[in-house]
Structures are given as structure tokens and as C-alpha cells.
Amino acid sequence: MESNLSGYLEEAGALEAFSCAQSCHLARTEPSLEQWLSSNRELGARKLARESRDASAAMGRRFLQLAANLIDNDLLSRAAVQAEPLHLAPCFGLVAGILEMDPAIASAAYLQQSITSLIGCCQRLLPLGQTRAHQILWNLKPAIQRRAESTLDSFFTPLVDVASARHASLRTRLFIS
């Protein structure tokens, strides 16, 4: 399982960390709703599977609306009422940038919470105890840090794309994405 999560970080994690960092940097330096929406659209276009795209948009919208209710910021308020899908990684980055976080730290925090969530899902599905779950998370810290500090802007996510294509034809699905 640890190698699967490591592979996730190398592919989808890299893409999402980049999107998060890009949004954070934008919010800190030149806050433009149009530029941020463009970055958000690009991430959505790179998510080929409808389920993961829809899940990301649902979580992103909820996160951004919550943040807009807690933080008084014009850009955040305008972003939260957009009619288009708002994906979680750029939403997280936007909020982090408004809070003056460093983009690499914001990306690391985003990946940390993403991997923690995936490990929690594994605990519900597999015989995986709390101690082993924490060991896996601890062992993935260097990969999380590498991904968060990466400046790649070209991504190839075949593992996620193949698994997502298979997901649609499964008889039983336990999670939405």
C-alpha cells in the first residue's frame, strides 16, 4: 500500500501540489480572479475521470465557501460564488496565499491532508491498524516534501487514469471517486 501511495504522490500528487502552489503564489503576488480561475480550469481539464473531477470540485467548493465565511477577503468572496467547478487543490492554494503561506508549505500541507485522508479510507477498507497507518504516513513524508518542492509543470498520470477508467465499470464501488 505504501508503494501505491508513493505512486499517487508522484503522479496525481505532483499535479495537485503544483496547482496548489501556483494558486498560493498567485494569491500572494498578483491576486487576479481570472488568472486563478484559468489555473483551476486547467486542473479540471487534466482530471480525465468524471468521478475524481466531480469529487474534487465538490470538495473544493465546500472548502472555499467555508473559508469565505471565515476570512474577510474580496478575492476569496468573489471566487466562492463562481458558477464553474472549483477544484480542491487550487482552492486550498488560494486560501493559503491569502493567509500569506509559502507555496511550498501550502503544497506540503495539502499533500499531507490528502495522503492522511487516503490512509483513512484504507483503514476503513483493509485490516490496517492505527500504528501501521502512522508508520506509512511517516515513511511518505520525504515523498510529500519532494513533491511539494517540485516546480514541474508537465504531468503524466497513467496510474490514476487507468485506475479511474476501470472504476467506472466496477459492479460495486465503496467511494465516490
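Of note:
- Index of the failed condition, L170 passing every other in (1) modelled with pLDDT of 95 or more; (2) farther than 17 Å from K47 by Cα: (1)
- Screening T116 on (1) at pLDDT below 95; (2) under 20 Å from S52 (Cβ atoms) shows it passes everything except condition (1).
- Out of A163, A109, one residue alone is modelled with pLDDT of 95 or more and hydrophobic (A, V, I, L, M, F, W, C). It is A109.
- Of the listed requirements (1) touching a Phe, Trp or Tyr at 6+ places or on another chain (Cβ under 8 Å); (2) among the hydroxyl-bearing types (S, T, Y); (3) farther than 27 Å from L140 by Cβ, T29 misses just one: (1).
- Within the range 58-115, the set of residues being free of Cβ contacts under 8 Å to residues at least 24 places away in the same chain, exposed (fewer than 14 other Cβ atoms within 10 Å of the Cβ) and not basic (K, R) comprises L66, N69, L70, D72, D74, V81, A83, Q113.
- Lone unmet requirement of (1) crowded, with 17+ Cβ neighbours inside 10 Å; (2) over 23 Å from D74 (Cβ atoms) for N4: (1)
- The single residue among N40, N4 that is at pLDDT below 95 and among the polar types (S, T, N, Q) turns out to be N4.
- In the range 2-50, the residue that is farthest from L128 (Cα to Cα) out of those that are part of a helix (DSSP H, G or I) and among the hydroxyl-bearing types (S, T, Y) is T29.
- Where C20 falls short, out of the listed (1) surrounded by fewer than 23 Cβ atoms within 10 Å (Cβ to Cβ); (2) hydrophobic (A, V, I, L, M, F, W, C); (3) within 15 Å of Y110 (Cβ to Cβ): (1)
The values are calculated or read from the model by the stated rules, or taken from the named source; none is laboratory data. Model, not experiment: these values are computed from the prediction. Please note: Cβ atoms are built from the backbone with ideal geometry, for glycine as well, and neighbour counts cover all protein chains shown.
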